[in-house]
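Only one structure is covered here, and it is reproduced in the block below.
What follows draws every value from the coordinates through simple rules; no lab data is involved. Because the structure is predicted, anything quoted here is derived from the model rather than measured. We place every Cβ from the backbone using ideal geometry, glycine too, and count neighbours over all the protein chains shown.
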């Protein structure tokens, strides 16, 4: 009876009740990875999940009836909006959890990801759920555990390697550049490296120079690598899932200051495209391209700009490699003015490459030089005021738009 | 010989390496009678009881050792000539002198076990079942190469035989190898991975990092140090405070093996595989020697004398692996000397034919520049990473 209800629950398309699929994940659902197929449009979980009833009932949980009934009441009483609210790190965890459940070859490696639950709680609870062989605590040895992740990816596993801070992955640069990025090419296509390398980077709150690095500028020229940067709970979960499913090595950049952003995300399963940019605010006067934390500074500046009578189009480029020149190009064709706001250093940053790409492709559509606001070419200082001046602030964005639209 | 031919035919589909020879007087090809032969030197163990010096082998196996090593030796010498003729460019690291490691290891394991090595990989590739045409084509950068001509000497791979390459950066392959071992444990395959590195790479930090993790997680990883006593131009005693590489694992047991004795290598690898499946990582140090310099741009005589090379090979130490097996074959009346000579002639012809065939293979197409950078057609509702790649027209 219970298992029938469970099966019905899982096979039903989106109804308010299955939102608790997240909670029900505590039961050891063993979904065969090959069975969860993907629909063309909205992604709905069609799973032949078998509940390992033995395990769950052994824990004395009265599974289905209570959980469904209670949560349904709670969901309907909380508010009438669809979806569920969560913080960005929880969204990342949800994406990771769903992928680990769906595909037994997905495993997580990193420092303190297991028993400790992850230094930013992205992997909290996963070790108890999936065990030590799938959520692996590594010693502090980035070079070798990244290498091991790549080696296991060569055989077909799908590891998610976490750098506790992106800056630490500099120690693994050789592995990421030479092995991760190049093995598919140098082996003539024999080996795929479906690895995900993720971690928080960016300038935080007075973390000091070495813990405030932006590695996207260092990794961007590695051929064979894909880079994405998440900025909201919605795209964090979607990009995490897409990155894990991708056959290519993907570096997922998170930001230390964005982990506690709250947003309501859909209950249905969804996977975002790794190479698509996100239209945050359509407009007519100027295209502002940004990613990660700077998106929020841009949106803050946008409020001021709207009051002043400007109509900026804000695009979160999300995909740092390759650039979504389709979306960006369409925007430039409309507005003819571009402002890039990024957190990378001025020299050799993502903005520099983006500027080149836009000039190469859309020169004829530009009415003004491309402005690029980046962080200063200095190690990030500790003092709070100095740190603020290192990164781009909303006032500078407003001034730049005013200059562009003169 | 027929059985050996069959075995070879199943691993290298295109090249028939040896045609059957006739007029046999001695027992050989299908002879599976067990011979017990003592290794040249006993094994030395570190925190482990070394295996016995008596190795079981068969005449068939000894003959296959001979012909495999002769093939490898001939291939490397031919590569030397091709390099000097400027058909092979860039880096070319030759393995002659060290063939016993590749051949002995293959005799102890299956294709389900993984091997990963550094840039001195031509013979390991052959041992894993790669064929000569693929090897020479890759060296010359042709389409028929095992990596379609895009890898080169240092990037030979054979996925279906669990050969993970072929790596240019010293030491970086060891964490990769431990990762492969991790995957084998994760998938409960009951197989092991041999991660080979040299005495130069033995001083890399990432080795110890990977060893620590492998020992913590009980991974079936076997780290094999092919100690040819020179890290490029630097002798081992000038680079390593402790050149006892088999002891460097500290808490991980180690075994020192005469790497120029194919039977000793076979015994050690068999022993190591059993150990690793049960207990976790183990280090093997193969005491071997390379006759060529580090690579083709290194004459190999500025940091060592020619007397040393010929001494190791034949004069004083008489450690050449092929000669050793030849003596065994002759001593045990497995085949007459003339047959062995015939094998060598045959091998020479095979190599010459393969080179001719490889020379006919064309250079890769210009469009190949952009293929296999990303895996296309992956992921959910996405466009593929190459959607907006900029295609340049090549002159």
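Would you mind classifying region A:254-406 by shape? Square roots of the alpha carbon gyration tensor eigenvalues, ordered a ≥ b ≥ c; an a/c under 1.5 is rounded, otherwise it is prolate if a/b is larger than b/c and oblate if not.
Values: a/c = 1.30, a/b = 1.05, b/c = 1.24.
Cα axes put region A:254-406 in the rounded bin.
Kindly state, to the nearest 0.05, the FRET efficiency for residue B:366 paired with residue B:327, given R0 = 56 Å and r defined as their beta-carbon distance. Between residue B:366 and residue B:327 the formula returns 0.60.
Neighbour counts of other Cβ atoms within 10 Å put B:237, B:217, A:389 in the fewest-to-most order B:237, A:389, B:217.
As a rough guide to protection, the peptides A:314-322, A:326-334 ranked by mean Cβ packing within 10 Å, highest first, stand as A:314-322, A:326-334.
Using alpha-carbon positions, what is the distance between the centroids of region A:337-401 and region A:82-119, in Å? Using only Cα atoms, the two centres lie 32 Å from each other.
Beta carbons within 10 angstrom, averaged per residue: use that to sort the peptides B:257-266, A:125-134, highest first.
Values: B:257-266: 27.8, A:125-134: 15.8.
My ranking of the peptides, most packed first, is B:257-266, A:125-134.
Counting only other chain Cβ atoms within 10 Å of each residue's Cβ, the peptide B:201-214 averages 4.
Over all residues in B:160-166, what is the mean tally of Cβ atoms on other chains that come within 10 Å of each residue's Cβ?
Numbers: counts 1, 0, 2, 1, 7, 7, 3.
What the average comes to for B:160-166 is 3.
Extents of region B:103-195, taken as max minus min of Cα coordinates on every principal axis and listed largest first, are 38, 26, 22 Å.
Counting other beta carbons within 10 Å of each Cβ, put B:133, B:180 in order, fewest first. Walk me through the intermediate numbers first.
On the way: B:133 23, B:180 33.
By the 10 Å Cβ count, ascending, the order reads B:133, B:180.
Peptide B:361-374 has a mean shielding of 3, counted as Cβ atoms of other protein chains within 10 Å of each residue's Cβ. Taking every DSSP beta bridge that has both ends in region B:191-336, the antiparallel portion is near 10%. A simple packing score, the average count of other Cβ atoms within 10 Å per residue, orders the peptides B:115-123, B:163-171 as B:115-123, B:163-171, with the highest score first.
Gain in length, residue B:316 to residue B:53, computed as 0.36 nm per residue apart minus the alpha-carbon separation, to one decimal in nm?
Using 0.36 nm per residue and subtracting the Cα-Cα distance, I get 92.4 nm.
Applying 1/(1 + (r/R0)^6) with r as the Cβ-Cβ distance of residue B:356 and residue B:297 and R0 = 25 angstrom yields a FRET efficiency of 0.45.
In whole angstrom, how far apart do the alpha carbon centroids of region B:89-164 and region B:190-223 sit? One Cα centre to the other: 20 Å.
Where does each of A:385, A:304 land when they are ranked from fewest to most other beta-carbon atoms within 10 angstrom? List each step's numbers first, then the result.
Values: A:385 7, A:304 14.
Ranked by crowding around the Cβ, least crowded first: A:385, A:304.
Need one number: nm distance between label points at residue A:368 and residue B:305, each 7 Å from Cα along Cα→Cβ, rounded to one decimal. Computed distance between label sites residue A:368 and residue B:305 equals 7.9 nm.
Just check region B:241-349 against the gyration tensor rule for me: Cα atoms, a ≥ b ≥ c as the square roots of the eigenvalues, rounded for a/c under 1.5, and otherwise prolate or oblate depending on whether a/b exceeds b/c.
It is oblate, given that a/c is not under 1.5 and a/b is not larger than b/c.
Taking the helices alone, chain B has a mean residue ellipticity at 222 nm of -12000 deg cm²/dmol, built from -39,500 (n - 2.57) per DSSP H run of at least 4 residues and averaged over all its residues. Let me make sure I get this right: for region A:286-344, a, b and c are the square roots of the gyration tensor eigenvalues over alpha carbons, sorted descending. Under 1.5 in a/c it's rounded, otherwise prolate if a/b > b/c, else oblate. Which is it? Oblate.
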